[in-house]
1. In nm, what is the difference between 0.36 nm times the number of residues separating Thr86 and Val34 and their Cα-Cα distance?
2. Between His62 and Glu45, what is the spin-label point distance in nm, taking each point 7 Å from the Cα along the Cα→C-beta axis?
3. Based on the Cβ-Cβ distance of Leu2 and Thr111, what FRET efficiency does E = 1/(1 + (r/R0)^6) give at R0 = 30 Å, to the nearest 0.05?
4. Nothing charged except the Cβ atoms of Lys and Arg (+1) and of Asp and Glu (-1): what's the magnitude of the dipole of segment 15-108 about its Cα centre? Round to the nearest 20 debye.
5. Asp56 accessible area, nearest 10 Å², 1.4 Å probe?
6. List the residues of segment 42-59 whose backbone N lies under 15 Å from a point placed 7 Å from the Cα of Val21 along the Cα-to-Cβ direction.
7. Over the Cα atoms of segment 1-132, what radius of gyration and what Dmax do you get, in Å?
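The values are calculated or read from the model by the stated rules, or taken from the named source; none is laboratory data. Note that this is a predicted model, so its numbers are computed, not measured. Using ideal geometry, Cβ is built from the backbone for each residue, glycine included, and neighbour counts are taken over all protein chains shown. All accessible areas refer to the heavy atoms of the entire protein, side chains included, with ligands and DNA or RNA removed. Shrake-Rupley method; radii C 1.70, N 1.55, O 1.52, S 1.80 Å.
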Amino acid sequence: ALIELNLASNALGRDARPLCVALCEYANGRALKVLRLADNALDLEAMEPVLRMVADNTRLKHLDLAWNLIDARAAEALARALEINTTLKRVNLAGNAVGRDGCYALARALTDNTALAALDLSTNRIEEDQHDPGEYLKPDGKVGYRYRTSHFSADSHCHAHGKIVLPP
């Protein structure tokens, strides 16, 4: 049985939705544990079937969506899926445009998701102009932590390594 599928760097683009639908129909209920869709210029519309699969799939352990067109709306959709998923261990969102709102949505989702062990948000566009990033991402681990991951990677704008923190 297929346990790992790597479709990274195939320039699938925004027209990949039919492929994603077929992929998800195949993966549901099968042994697929690793899905790599990095560097394909996938946006929310193309990835929507994948995000629905994440919510329902009980076998997938690693999802790589790095270097795509994931903006705050797509991150919020992924966050909704992560609130339901209980088996995914690693998600790579590096090199996207998750932004502050997407980061907040993911952090909120992780209060309910205790399975996720690694979330990579490095090289994202998490601007510092709206709020102090310390409001929800703090490096010290002493105050206000509602959820911890065993590994959290963020770019220099996040000022965090090892933890995700929500505002009180």
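1. Full extension of this stretch gives 17.2 nm more.
2. 3.2 nm
3. According to the calculation, E is roughly 0.35.
4. Rounded to the nearest 20 debye, it is 520 debye.
5. 110 Å²
6. 45-53
7. 13.8, 48
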